[in-house]
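Trainee: The structure's right below; bear with me while I get my questions together.
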Amino acid sequence: MQHAALQNIPFDLWEGDRRRAGILLHPTSLPDGEFGTDAFRFIDFMVACGMSVWQMLPLGPTHEDGSPYQCLSVHAGNPRLISLDMLVQNGWLPPDNVAESVDEVSYRSTRLTQARQGFMQQASAEDHAALKSFIAQQHWLPDFALYTTLHQENAGRSWLEWPVPLRDREPHALEAARKRLVDAIEQICFEQFIFFRQWYALKHYANERDILLFGDMPIFVAHDSADVWAHRHYFKLDQSGQPLVVAGVPPDYFSATGQRWGNPHYEWARMQADGFQWWIERMTTQFALFDLVRIDHFRGFEACWEIPAQNPTAEGGCWVQVPGDALFDALQKKFNALPLVAEDLGIITPEVDALREKYHLPGMKILQFAFDGSPGNPYLPHNHKKDSVVYTGTHDNNTTLGWFQELSYPAQNYIMEYLTKPLESMPLPLIRSALASVACLAIIPMQDALKLDAEHRMNIPGTSQGNWQWRYTWDQVPDDLAARLRRMVEMYGRL
């Protein structure tokens, strides 16, 4: 993994005088859903808009539900994002004039296998050397490649359901699997090489145009992941690998039973005893991929809600202190500066605020959360602070138009009165409010830039069907949209 990206990190993003604006769009929501032509065209669109930050969701390989917040690895990239057209352009993949298979997963798998065959036969000596060097440098790749092929061999079942010798990583079983699955393992390594090569080409294109790439990192990892399988000692598991406690949040105003996420909790004492090496390696990957990284559920670095694994809901859990201060101290010593944004939404204690402020991490302000009638609401624009990132909404919110349309008339009237009764219709008034905020960075979801309604929502928390599938088309982008957005970005000092 290259570390050149660190040189581009805007360490003074919230301390200097420059104000920035950006767009939230996951690459899977591009028209082609890949690192291909549309990704480069989107960067050009952002440049025309005067935007300088492209925010996205985690880029890791997902489970079947497609959630980027429950990835199979904290280091690997999602091969679904690999541009097949670029592999054709490389000369490693023959053109395909046949319509894509209904089974996209099978189709892409076949095409990527063909691409590796073409690469082995036609790639230059320099490219072959680059592949070999990439494989040698990625400390996480052997475990991930073996985990992925065993996952496939076991019909997608969790590692908990594998034969016990493989589940428990007995050396003789792992060695036999590596020999038996050598071709499949090499295929996984090739796909990761291509993912990162295409990603860094895209990142170079963006950074050359003063576009910063803003990533996202969940605090927890999926139980069924290469990381937990390969590093069980860092997680609170029993002898068979089952979690003793799982993550979530307690009952509150929004949910009488809380939220039970099911992720295993960390063995923080063991991580701290190892100098937080696991976290340092994880952040090294993130800082190589991105110029700026959002940490999801930041409050979990001060204290975590631990739920007994047998509990069906989040009730009956308890808060357990976490050595977050020691962790961020170790990260700061390693990386000098921490280009991080803290997702500090929900009920946040003074201790969580103190941890965030000690390491100079900006928090988040969501305008859709602002209008509860209280002038002291921290999400209202007049209460914003410079060290913040302001959003109209996030991937977990409805689109701003959809949100507004679902409100009662009195609620709509209150919002428009606060926004000085603008003549423009939603979502433009909220977009203007975000751009006018004193917050150092303003992020607008692409759905809001396109004035799309609830049908175009990315995710509905608490549901498992129909999420993470939204894509826009270039036909939805008006010819004058870039110019109109650029005018607003310039007007509010974010050009």
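Trainee: Please give the peptides 257-264, 464-471 ranked by average Cβ packing (other Cβ atoms within 10 Å per residue), highest first, as a rough proxy for protection.
Mentor: With the highest mean Cβ count within 10 Å placed first, the list reads 257-264, 464-471.
Trainee: I'd like the per residue volume of the convex hull spanned by the Cα atoms of the stretch 226-382, given in cubic angstrom.
Mentor: On the way: hull volume 21.2 nm³, N = 157.
Looking at the stretch 226-382, the number lands at 135 Å³ per residue.
Trainee: Order of 383-389, 449-455, 57-63 by packing, highest average Cβ count within 10 Å first?
Mentor: Ranking the peptides 383-389, 449-455, 57-63 by packing returns 57-63, 383-389, 449-455.
Trainee: Hey, another quick one. Taking 0.36 nm per residue of sequence separation and subtracting the Cα-Cα distance, how much length would be gained by fully extending the chain between H139 and S109, in nm to one decimal?
Mentor: Length gained between H139 and S109: 8.4 nm.
Trainee: To continue, here is another question. Once Lys and Arg get +1 and Asp and Glu get -1 on their Cβ, which of V477, L355, S374 lies farthest toward the positive end of the dipole of the stretch 346-485?
Mentor: Of the candidates, L355 comes out farthest on the positive side.
Trainee: Continuing with the same structure: Mind computing the radius of gyration and Dmax over the alpha-carbon atoms of the stretch 117-221? Å is fine for both.
Mentor: Looking at the stretch 117-221, its Cα Rg and Dmax stand at 17.1, 51 Å.
Trainee: When all alpha-carbon pairs of the stretch 197-304 are counted, what percent fall beyond 21 Å?
Mentor: Value for the stretch 197-304 (Cα pairs over 21 Å): 49 percent.
Trainee: Magnitude of the Cβ-charge dipole of the stretch 247-300, K/R +1 and D/E -1, about the Cα centre, nearest 20 debye?
Mentor: So the dipole magnitude of the stretch 247-300 works out to roughly 120 debye.
Trainee: Show me the ranking of peptides 237-247, 117-127 by mean Cβ neighbours inside 10 Å, starting with the highest. Could the numbers behind the result be given before it?
Mentor: Working: 237-247: 16.5, 117-127: 12.9.
Output ranking for 237-247, 117-127: 237-247, 117-127.
Trainee: Residues with amide H under 5 Å of M364's amide H, sequence separation 5 or more or different chain, H placed in the peptide plane at 1.01 Å from N; which?
Mentor: Residues meeting the amide H criterion: D344, V389.
Trainee: Follow-up question, since we're still on this one. Take the alpha carbon atoms of the stretch 397-418, find their center, do the same for the stretch 197-238, and report the distance between the two centers in whole angstrom.
Mentor: Cα centres, the stretch 397-418 to the stretch 197-238: 35 Å.
Trainee: May I ask for log10 I(q)/I(0) of the stretch 15-90 at q = 0.20 Å⁻¹, from a Debye sum over the Cα atoms as equal point scatterers with solvent left out?
Mentor: Here the Debye-derived log intensity ratios amount to -0.94.
Trainee: Same structure, new question: What does DSSP give for the chain in terms of the percent of beta bridges that are antiparallel, rounded to the nearest 5?
Mentor: 35 percent
Trainee: Express the Stokes-Einstein translational diffusion coefficient of the chain in µm² s⁻¹, to the nearest whole number, given a Kirkwood radius over alpha-carbon pairs, 25 °C and a viscosity of 0.890 mPa s.
Mentor: After rounding, the answer is 103 µm²/s.
Trainee: Among the lysines, which fall within straight-line cross-link reach of K386, defined as a Cα-Cα distance under 26 Å, with same-chain neighbours fewer than 8 residues apart omitted?
Mentor: Excluding near neighbours in sequence, the set is K333, K358, K365, K421.
Trainee: OK, next. Alpha carbons only, please: Rg and Dmax for the stretch 308-456, in angstrom.
Mentor: Final numbers for Rg and Dmax: 18.1, 54 Å.
Trainee: Does the stretch 62-133 classify as rounded, prolate or oblate by the C-alpha gyration tensor (a ≥ b ≥ c root eigenvalues; a/c under 1.5 gives rounded; else a/b over b/c gives prolate, otherwise oblate)?
Mentor: Details: a/c = 2.91, a/b = 1.27, b/c = 2.29.
Oblate is the answer for the stretch 62-133, as a/c is 1.5 or above yet b/c matches or exceeds a/b.
Trainee: Rounded to the nearest 5, what is the percent of antiparallel bridges among the DSSP beta bridges in the stretch 212-357?
Mentor: DSSP beta bridges in the stretch 212-357 are roughly 60 percent antiparallel.
Trainee: Looking at the stretch 333-394, which GluC sites (Glu not before Pro) are in a loop (DSSP not H, G, I, E or B) and have at most 11 other Cβ atoms within 10 Å?
Mentor: The qualifying sites: there are none.
Trainee: Sticking with this one: Please report the relative contact order for the chain, taking Cα pairs under 8 Å with a sequence separation of at least 6, and give it as a percent rounded to a whole number.
Mentor: 20 percent
Trainee: Find the centroid of the Cα atoms in the stretch 63-137 and in the stretch 443-465, then give the distance between the two in whole Å.
Mentor: Answer, in whole Å: 28.
Trainee: Give me the extension gain from S408 to K132: residue separation times 0.36 nm, minus the current Cα-Cα distance, reported in nm with one decimal. Provide the component values of the computation, followed by the final result.
Mentor: Values: separation 276, 0.36 × 276 = 99.36 nm, distance 6.01 nm.
Stretched fully, the S408-K132 segment lengthens by 93.3 nm.
Trainee: Among residues other than V53 whose Cβ falls under 14 Å from its Cβ, what is the net charge (Lys/Arg +1, Asp/Glu -1)?
Mentor: +4
Trainee: While we're on this one: Per the Kirkwood treatment, what hydrodynamic radius in Å, one decimal, follows for the stretch 35-193 from the mean inverse distance over all distinct Cα pairs?
Mentor: 17.7 Å
Trainee: Restricting to DSSP H runs of at least four residues, report the calculated mean residue ellipticity at 222 nm for the chain, -39500 (n - 2.57) per run over all residues, nearest 500 deg cm²/dmol.
Mentor: Calculated at 222 nm, the ellipticity per residue is -11500 deg cm²/dmol.
Read the figures in this text as sums done on the coordinates, not as results from a lab. The structure presented is a predicted model; accordingly, all values stated were derived computationally and were not measured. Here Cβ is always computed from backbone atoms with ideal geometry, including for glycine, and neighbour counts include all displayed protein chains.
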